[in-house]
Structures are given as structure tokens and as C-alpha cells.
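Note sheet for the following structure.
The values are calculated or read from the model by the stated rules, or taken from the named source; none is laboratory data. This one's a predicted model, so the numbers in the text were calculated from it and none came from an experiment. We work out accessible area using only protein heavy atoms, side chains counted, and drop any ligands, DNA or RNA first. Shrake-Rupley method; radii C 1.70, N 1.55, O 1.52, S 1.80 Å.
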Amino acid sequence: MKDDQTGESAMRMRDKRIGTFLAAVAATAVLAGCSGGTDEVNGGTPATTTAAPAATTAAPGATAVTMPAADSGAGTGSQADGGGAAGVPRCTSAELTLTLGQGDAGAGSVYRPLVFTNKGSRTCELTGFPGVSYVAGDDGHQVGPAAVMNGPHGPEISMAPGRSSQAQVQFVQVANFDAAVCKPTAVRGLRVYPPGETASMFVPMEGMGCAGDPPGPQLSVQTMTAA
């Protein structure tokens with residue numbers, strides 16, 4: 001009888017130790033779950049830190065290009081692209097010489113051609129209207145409104161080296177305008193932009209222009225034609 005009681009007591013002690021061990025294991029698991037070393041959003045994997053991307057800088061040496069205005073008779077010619085439809089390059093100011101030819105008188109106006117000659121070594125072309133304005137003084141400042149474009153836009157005029165093309169310019173007799181509105185001013189020549197160019201040329205011509213705002217154009221220019 002005494003042996004039975006001793007065995008039963010030993011079994012209780014074993015069960016108590018097992019229970020204590022299981023409780024300790026459960027507590028450890030709970031503590032691990034509450035630890036701040038994992039990212040629950042990522043399913044228990046360690047949280048990662050992503051560095052912000054470096055700022056992108058523009059490549060050095062970029063150049064802004066300003067294209068000439070199309071169909072502007074007051075500063076550039078009328079064609080703004082780099083050449084004609086047939087692939088002939090546009091004539092630049094550096095490749096041209098400019099003269100003012102003799103013309104005919106009309107009712108209150110004089111018509112004279114601006115003659116562009118290709119002094120370069122390649123065939124080039126001019127299309128459309130040159131920009132034309134009066135200039136005066138040593139600084140070559142513009143006098144009054146620039147020439148208006150008159151008539152249709154013409155075809156491409158191709159010029160081999162040594163060949164010429166021209167544009168007719170109408171010079172209105174400014175004495176026909178009210179002097180108070182016109183403000184007659186002596187001029188020393190014309191500033192001319194070949195079609196599509198932003199580099200101007202100069203041709204001397206003495207005369208009178210309107211520094212004011214006359215009721216009509218003091219200068220009119222026609223499209224380029226073969227000379």
C-alpha cells in the first residue's frame with residue numbers, strides 16, 4: 001500500500017514539471033511576438049529601409065536654340081526652316097552680297113529691287129520675303145515700321161555660286177503723309193534679313209522715313225524671284 005502511494009506521488013511531480021516547462025515555452029513565444037525587431041506588414045520578415053533616389057542633374061553644355069519667326073517681315077525673313085523642299089540648303093547672310101538696284105517711279109512711290117548674289121561655293125536657295133526696315137544714325141537704329149509683305153509667297157529660288165535673286169521693294173514718298181503723324185526722319189540705308197535668317201545685312205540708301213506711325217506702310221516688299 002505504501003509503495004502505491006509513493007509511485008502516485010512521483011507521477012504528480014513529473015506532470016507538474018512538464019506543465020511548468022510548457023508554460024515557460026508559451027511565455028517565450030508570446031514575448032518574441034511582441035518584440036519590435038520584425039515588420040508585421042511584411043509578414044514577419046525584418047523591416048528594410050529604402051534610400052531615396054539621387055537627384056537627377058541636367059547634362060552640362062546644353063544649348064537653347066531660338067528659331068526665327070515664320071512670316072515676320074519685321075526682323076527676319078519669311079522662311080524659318082533649314083532649306084528648300086528639294087534639299088537645297090538655305091542661303092545664309094554670310095554667303096550673300098546685297099545691292100539695291102535701280103527701279104521705276106509710280107504714283108507716290110518708287111520700286112527698286114533688292115538683289116542677293118551667292119558669293120559662296122555651294123548652291124543655295126531663298127524662298128519667300130526678306131525682312132526690310134529703314135535705319136539711321138551711327139548705331140543703325142530702326143526708323144518707323146518695317147516693310148509689310150505684299151503678294152503671294154513665291155517658290156524656292158535656287159542660286160548656284162555667282163547667281164542672283166531679287167525682291168522688289170516699294171518706297172512710299174513719306175512727304176505724302178501728315179508730317180505730325182509721320183515725323184519725317186533722314187535715313188542712311190536699309191537693314192535687310194534674307195528669308196529665314198536672323199543675321200542682318202545692310203545696304204546704304206539716303207532718303208526719308210517715318211519715325212512715327214504713318215496711316216499706311218512706308219515700305220512694302222514682295223517675294224523672292226529669280227534675277
**Message:** Against the definition (closer than 27 Å to residue 122 by Cα, of a type in the set (S, T, N, Q) and open to solvent by less than 30 Å² (accessible area, probe 1.4 Å)), how does residue 165 come out, yes or no?
**Reply:** yes
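To keep it simple, each residue is scored yes or no on (1) open to solvent by 40 Å² or more (accessible area, probe 1.4 Å); (2) under 15 Å from residue 209 (Cα atoms); (3) assigned to a strand (DSSP E or B).
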position: 112; (1), (2), (3): yes, no, yes
position: 121; (1), (2), (3): yes, no, no
position: 128; (1), (2), (3): no, no, no
position: 158; (1), (2), (3): yes, no, yes
position: 161; (1), (2), (3): yes, no, no
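Suppose we keep only residues that are part of a loop (DSSP other than H, G, I, E, B) and either among the β-branched types (Val, Ile, Thr) or open to solvent by less than 40 Å² (accessible area, probe 1.4 Å) (or both) within the stretch 130-143. Which one would you say is farthest from residue 210 (Cα to Cα)?
The initial filter retains those residues of the stretch 130-143 that are part of a loop (DSSP other than H, G, I, E, B), namely 130, 137-140.
Add one more test, that the residue is either among the β-branched types (Val, Ile, Thr) or open to solvent by less than 40 Å² (accessible area, probe 1.4 Å) (or both), and what stays is 130, 137, 140.
Details: 130: 20, 137: 14, 140: 15 Å.
Of everything passing the filter in the stretch 130-143, 130 is farthest from residue 210 (Cα to Cα).
Rundown of residues vs (1) over 32 Å from the mean Cα position of the chain (by Cα); (2) over 18 Å from residue 111 (Cα atoms); (3) not in a strand (DSSP E or B), yes/no style:
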| residue | (1), (2), (3) |
| --- | --- |
| 181 | yes, yes, yes |
| 190 | no, no, no |
| 208 | yes, no, no |
| 217 | no, no, yes |
| 223 | no, no, yes |
